[in-house]
Structure formats: C-alpha cells, structure tokens
C-alpha cells in the first residue's frame with residue numbers, strides 16, 4: 001500500500017519586532033530588568049548594557065524569558081540597558097533605553113528566616129515570633145526589585161520592632177517593607193499598623209487587599225531620615241498579628257547638583273562657581289588648567305581668559321557620587337573704555353562695567369551716578385579721570 005506523508009514547516013519570514021516597555025529597577029549590587037514579550041516569533045532576547053546613555057552597549061546575557069537580573073552591577077554606579085529579540089532569521093533592533101542608578105546599600109534582613117541573597121538572617125528585632133517557612137511560590141510579577149522567594153516564604157509576626165543603628169543623621173534613606181500573605185486567604189483576616197521613628201506610615205494595612213491575592217508580594221516604600229543615627233520600625237497588630245516578610249534600607253545615589261557661574265566675565269574679574277545644596281554631600285569640582293576644589297561654591301580671583309571652558313561637579317553622599325553636573329564659563333578679554341572728543345563734548349563708551357571718575361589719577365574713585373554707555377561729558381568741565389569697575 002502506498003502511503004503519502006506530508007511534512008509541515010513553520011515559516012518565519014522576518015526577525016522579531018523589538019521588545020517594548022523595558023524597565024530597570026536597582027537593588028543591592030543588582031538591577032532587575034523586565035520587558036514586554038516581542039511579537040513575530042521571538043525565541044530569545046539579548047540583554048545589553050552600557051555606562052553611557054545611547055551608545056556603547058555590550059551584550060551581557062541571552063535569555064529565553066522576558067526578564068533578567070543583572071547581578072554584576074556595582075553600587076554607586078549608573079547603567080543604561082536595551083534589549084533585542086532574536087529568532088532563526090535574525091535579530092531585532094534594540095528596545096528603548098532604560099536607566100538604573102545604584103546607590104549605597106545599608107542593610108537588608110529576612111524577617112523570620114535565614115540569609116538569602118543580599119538579605120541577612122533575621123536580626124535587629126525585639127518582640128514577636130518567627131514563623132516556619134512555607135514552600136508556596138510567591139508571585140512577584142507586580143513589584144519592582146523583589147526580594148528572593150525565601151524572604152516572602154517566611155515571616156516575623158506579632159507585635160515587634162526592628163531597630164537599625166549606625167546610619168547617618170540628615171541623610172534620606174529609602175526603606176522598603178516587603179510583604180506577602182502566606183497564612184490567611186481573605187481580605188480582613190490580618191490588619192496592622194506600621195510606625196517608623198514614631199511616625200505612622202501604614203494604617204490598617206491588609207496585605208491581601210493591597211497585593212490583590214494571597215501569596216503575592218507587595219512592597220511599601222518610605223523615605224526616612226534617621227533620628228540619632230537610627231531607624232526604628234514598629235509593627236502593631238489591629239486584627240490577628242502584624243507581620244513582616246523583609247526589610248531593606250537603601251541610600252539612593254544622590255541627584256546631580258545644579259552647577260552655575262557668574263559669567264560671562266572679563267579677564268581680571270573673580271570667577272564664582274556655584275552649586276545647589278545636596279543634604280549631607282561633599283563636593284568635587286574639576287575644570288580647565290587642572291582646576292580642582294572641594295568647596296561647594298569656589299571662586300577664582302583675577303581669572304584669565306584660559307579659565308574659560310567646562311567645569312564639572314559631583315556631589316558625594318554616603319560614599320556614592322552623583323552623575324556630574326557641568327557649567328560652561330566664558331572669560332573675555334578686558335573691556336576697553338573708549339573716548340571720542342568733539343569740539344564741545346567727550347563721549348565715553350564701554351561694553352561692560354560701571355563707569356567711575358576721580359579728580360586725581362590715584363583717586364579717590366567714585367561711581368558716576370546713572371552712567372550708561374555711551375556717556376557724554378562736556379569739555380568745559382574741570383579735568384576728570386575715568387575708569388571701569390568690573391566687580392564689587
């Protein structure tokens with residue numbers, strides 16, 4: 001008997017479309033990346049990273065899923081990411097860029113459990129009880145920079161307080177409170193309050209109501225300035241028992257300060273550089289001719305024209321330097337006071353500065369009231385000398 005066979009092939013006509021909705025969430029020495037799956041037959045994704053925005057990307061991973069954790073990132077650094085999709089035909093163009101700025105890390109604890117990832121074993125607490133771990137998989141798809149699964153699979157419950165010391169007063173820390181409901185199954189079965197340094201930050205908090213389901217992670221973030229170098233987090237029961245899955249305290253990378261100057265100025269004047277205040281920061285200026293300064297707003301008396309150029313400034317907080325801010329300085333040649341003599345007048349003109357006069361070449365000199373260029377002096381006046389004052 002003759003049997004015919006038909007072999008069917010899937011035909012892929014073109015490379016996949018580029019991924020969309022790329023996000024980059026910084027953690028402790030890592031960046032959590034996620035993106036929307038590509039269309040048109042993507043089989044894998046190339047994750048690319050650069051320290052420059054818009055260029056010089058290097059592929060750091062190829063993955064089959066639409067998420068990736070970059071565990072080679074360094075604290076106090078900034079990274080720029082793109083992702084491309086591939087199939088048997090080729091590679092898509094890159095996605096839109098996503099940036100992540102990593103700060104300094106202070107502390108992270110796994111409430112009720114052992115060490116996992118950047119989270120240390122449960123510590124720094126008073127009161128409450130540690131629960132046994134569960135093996136249920138926790139849905140972390142709705143949160144950015146989630147903790148490891150082990151953090152959400154344990155809990156510290158009851159009425160208790162975590163106290164973290166050795167922090168820097170005056171700086172603003174990001175406190176990330178991690179939760180997942182692993183015991184109850186319905187809204188209203190567990191509610192509690194949370195206070196940080198005596199200020200209530202969560203009221204009648206219901207994990208399932210906020211997360212949308214049991215065994216689903218939620219993260220609550222609060223910016224906190226330590227009191228006396230410490231942050232105390234108190235959990236107080238309303239219904240059943242208050243609980244914590246984990247706590248992170250991070251010091252975000254400082255924002256770049258705003259840099260400016262008093263230019264354009266003329267040679268011989270004082271160049272004044274200025275920076276906006278970044279709480280708790282130290283400053284570092286660099287500029288033309290090897291200029292450096294650690295003053296927030298330094299000055300260069302008697303600046304010459306070779307002081308023209310771009311000056312860069314960084315602010316450092318907790319060991320993390322900001323991205324540089326820049327300001328462009330222009331130092332012009334000295335202004336010239338020009339005079340034109342007519343039969344009856346002397347006409348003075350100048351591009352910049354305040355006109356001064358004196359009856360003697362050695363002074364005393366005084367500003368000419370309301371004088372602007374051009375300025376006319378009648379020839380029949382007593383002898384006077386004129387000059388320009390460039391700065392106070």
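The stretch between residue 52 and residue 227 holds 59.3 nm of extra length on full extension. This uses 0.36 nm per residue minus the Cα-Cα distance. Peptides 249-261, 14-26, ordered by how many other C-beta atoms sit within 10 Å of their residues on average, highest first, read 249-261, 14-26. Between residue 144 and residue 39, the simple label model (points 7 Å from Cα in the Cβ direction) yields a spacing of 2.7 nm. Using the Cβ-Cβ distance between residue 135 and residue 13 with R0 = 45 Å, the FRET efficiency computed as 1/(1 + (r/R0)^6) comes to roughly 0.50.
Sequence gap at least 6, Cα distance under 8 Å: using those rules, report the relative contact order of the chain to the nearest whole percent.
Computed value for the chain: 11 percent relative contact order.
Full extension of the chain segment joining residue 59 with residue 365 gains 103.4 nm, where the gain is 0.36 nm per residue of separation less the Cα-Cα distance. Subtracting the Cα-Cα distance of residue 380 and residue 358 from 0.36 nm times their residue separation leaves 6.3 nm of extension gain.
Largest GNM mean-square fluctuation among 331, 109, 151, using the chain with Cα springs under 10 Å: 331. Based on the Cβ-Cβ distance of residue 172 and residue 238, what FRET efficiency does E = 1/(1 + (r/R0)^6) give at R0 = 25 Å, to the nearest 0.05? Efficiency computed from Cβ-Cβ geometry: 0.30. Using the average count of surrounding beta-carbon atoms within 10 Å as a protection proxy, the listed peptides 203-214, 155-166 rank, highest first, as 155-166, 203-214.
Where (1) 0.94; (2) 1.53; (3) 1.05 are the candidate values, the label of the one calculated here for Cα Rg over 2.2 N^0.38 Å is (2).
Every number here is computed from the coordinates shown, using simple stated rules; none is lab data. No experiment lies behind these values; they were computed from the predicted model shown. Reconstructed Cβ throughout: ideal geometry from the backbone, glycine too, with neighbour counts over all protein chains shown.
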